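The values are calculated or read from the model by the stated rules, or taken from the named source; none is laboratory data. These numbers were taken from a predicted model, which means no experiment stands behind them. Methodologically, a virtual Cβ is constructed for each residue, glycine included, from the backbone with ideal geometry; neighbour enumeration extends over all protein chains shown.
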Amino acid sequence: MNMISKLFAPKTAITAATIRAEIERAESEIIAHNAQLEGVLAGIAVMNDSQHAQAEADAAAIKRAVMRLEARANHLAAELPNVIAAEEAAAKVAADEALRQRAEAARKANTKEAAKLLAEYALHAARVSKVIAKLEALDIETTAVNAALRSNPVAESVAGYNAIHRRNADRPAGERRAVRKCWVYRYPGSPRDTDKVKFQYEAPHEVVRQADIGPDGKAIPVPAVQHDYHGRVLTIIPTLEDREVVIERVSFRPGQSEAPLSSVRLPPAFSGEDHIWPRE
């Protein structure tokens, strides 16, 4: 690690990430130097002696720089696995210590804090059980009253608290309407009867179809239709009009009731104690 520390500026944190970045920088500089080397020697055919000597000196300097960079990159690449292993080992030590601390905290919480919470639960559960007992008694009384009213209807039947307070309202069926562009096909009614010809009655009527809208915001054209009109074929050409149409239908949905309180189970807080609810 002493050698590798000399490859970085003082106080630089030497990590796997910084080593990888330094290797990439060295490789990038090697590519740049090799390109520079080609340029230095490119015009050697037309150089004079002094120019040639200078080119060779420049080329030698570039080659030495490349050698240093390659040595730097190779040394860093050789050290990288060791640094990665050290970081992984340090991370495992930190993770192990964090887990030990969590285990100790959980142990203390289950031993001390949980006892306080269970005592608090027992107190509140006892109060809840009293409320449920009163509601259960009210339920029994309501059932008895309604049974008596069926044989002696001196008053309306009594709705229970579940129906009053613990059931959502029904969702009625309905529809939502809005004005939209529509294609309207108008069909004529049957001709009037004559002394010689009787027609099956057909009232004039129209068919309305909501138009599809294109990307340009305009209604997409639709073709005309052929209509057999008492032996004659008529071409019905639709017209584009603003009409009120149904755009959404909602079906009926009965209201949902909450789970009955009779399903509540309140076990004892501590081992050996009585069941809090239902009472045994």
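For the stretch 1-56, the set of residues classified as assigned to a helix (DSSP H, G or I) and either among the basic types (Lys, Arg) or at pLDDT below 85 (or both) consists of ASN2, MET3, ILE4, SER5, ARG20, ARG25, listed by residue number. Of all residues being more than 15 Å from VAL264 (Cβ to Cβ) and of a type in the set (D, E, K, R) in the stretch 133-153, which is surrounded by the most Cβ atoms within 10 Å (Cβ to Cβ)? Just the residue, please. Applying the filter and picking the extreme gives GLU141. Look through ILE30, ILE62, ILE44 and report the one residue that is touching a helix residue (DSSP H, G or I) at 6+ places or on another chain (Cβ under 8 Å), over 30 Å from ALA89 (Cβ atoms), exposed (fewer than 13 other Cβ atoms within 10 Å of the Cβ) and among the aliphatic types (A, V, I, L, M). Result of the check over ILE30, ILE62, ILE44: ILE44. Being surrounded by 10 or more Cβ atoms within 10 Å (Cβ to Cβ) and in a loop (DSSP other than H, G, I, E, B) is the filter here; which residues of the stretch 156-167 pass it? SER157, VAL158, ALA159, GLY160, ARG166, listed by residue number. Filtered by the rule that a residue be more than 30 Å from GLY174 (Cα to Cα) and without any contact (Cβ under 8 Å) to a residue 60 or more places away in the chain, the stretch 235-280 gives THR235, ILE236, ILE237, SER263, ARG265, PRO267, SER271, GLY272, ASP274, HIS275, PRO278, GLU280. For the criterion of being in a helix (DSSP H, G or I), closer than 16 Å to GLU24 by Cβ and not β-branched (Val, Ile, Thr), GLU104 fails.
Quick check on the stretch 244-257. Is at least one of its residues modelled with pLDDT of 90 or more, among the β-branched types (Val, Ile, Thr) and in contact with a Gly (Cβ under 6 Å, 6 or more places away or on another chain)? Taking every residue of the stretch 244-257 in turn, at least one turns out to be modelled with pLDDT of 90 or more, among the β-branched types (Val, Ile, Thr) and in contact with a Gly (Cβ under 6 Å, 6 or more places away or on another chain). The single residue among PRO215, PRO268, PRO238, PRO221 that is of a type outside the set (A, V, I, L, M) and touching an Asp or Glu at 6+ places or on another chain (Cβ under 9 Å) turns out to be PRO268. Do we have any residue at all in the stretch 103-111 that's more than 36 Å from the chain's Cα centre (by Cα) and surrounded by 14 or more Cβ atoms within 10 Å (Cβ to Cβ)? Taking every residue of the stretch 103-111 in turn, none turns out to be more than 36 Å from the chain's Cα centre (by Cα) and surrounded by 14 or more Cβ atoms within 10 Å (Cβ to Cβ).
Just one of the listed residues (ILE276, ILE220, ILE247, ILE236) is aliphatic (A, V, I, L, M) and in contact with a His (Cβ under 7 Å, 6 or more places away or on another chain), namely ILE236.
Between ASP58, ASP49, the distinction of being over 26 Å from ARG25 (Cβ atoms) and in the same structural domain as ALA21 (by TED's automatic domain parsing) belongs to ASP49 only.
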